[in-house]
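Peer 1: Input: one structure, supplied below.
The values are calculated or read from the model by the stated rules, or taken from the named source; none is laboratory data. Bear in mind the structure is a predicted one, so any value in this text is a computation, not a measurement. Cβ placement follows ideal geometry from the backbone for every residue including glycine, while neighbour counts extend to all protein chains displayed. Accessible surface is based on the protein model in full, side chains and every heavy atom, while ligands, DNA and RNA are left aside. Shrake-Rupley method; radii C 1.70, N 1.55, O 1.52, S 1.80 Å.
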Amino acid sequence: MPGTFLYFQGKRVRKTQPATGVDVACKWKRNYGACQVDEAWFILTNLGSLPAAIPYGIASLHDAYKQRMGIEEMFRDCKTVGYDLEGVSLKGNRLIKIILLVTLAYSSAIFEGTDIRKNQVVKYVCRRQ
């Protein structure tokens, strides 16, 4: 029911292959006025506690979600949408060198994007479709 927080340690979870030794954090956010949450979150974690797995408070939850989405966007940029690291058929030192180049290019793009946001010209820049 809404407003419930649960944490189970050392459970075995199975969909196709069993995963053992993980903790399950469960949270069903409270309903606030007209804003209703239809279902609970179930998160597999190894962080050791419910507050570490699912932060309390709107600000901390928003920050955690924002960090996760930043990581998801980075993975998307490094895979098929951006630098296409999945399509590279390199091994060994050549793979390490291309990853280093992608890291430098991605860092440069992040720094440039930070400057663009700071100078408030974001509306003139968009992601390539």
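Peer 1: Examine segment 91-110 for a residue that is modelled with pLDDT under 85 and open to solvent by less than 50 Å² (accessible area, probe 1.4 Å), and state whether such a residue exists.
Peer 2: No: segment 91-110 contains no residue that is modelled with pLDDT under 85 and open to solvent by less than 50 Å² (accessible area, probe 1.4 Å).
Peer 1: Among the residues that make up segment 53-71, is at least one of them part of a loop (DSSP other than H, G, I, E, B), at pLDDT 75 or above and farther than 22 Å from G113 by Cβ?
Peer 2: To start, the set of residues in segment 53-71 that are part of a loop (DSSP other than H, G, I, E, B) comprises 54-57.
Adding the requirement that they be at pLDDT 75 or above leaves none.
No, the conditions are met nowhere in segment 53-71.
Peer 1: Scanning segment 9-52 for residues that are open to solvent by 80 Å² or more (accessible area, probe 1.4 Å) and touching a Cys at 6+ places or on another chain (Cβ under 8 Å), which turns out modelled with the highest pLDDT?
Peer 2: Filtering segment 9-52 down to residues open to solvent by 80 Å² or more (accessible area, probe 1.4 Å) leaves 9, 11-12, 14-17, 20, 30, 32, 34, 36, 38-39, 41-42, 44, 46-47.
Applying the additional criterion that residues be touching a Cys at 6+ places or on another chain (Cβ under 8 Å) yields 41-42.
Values: W41: 74, F42: 77.
My answer is F42.
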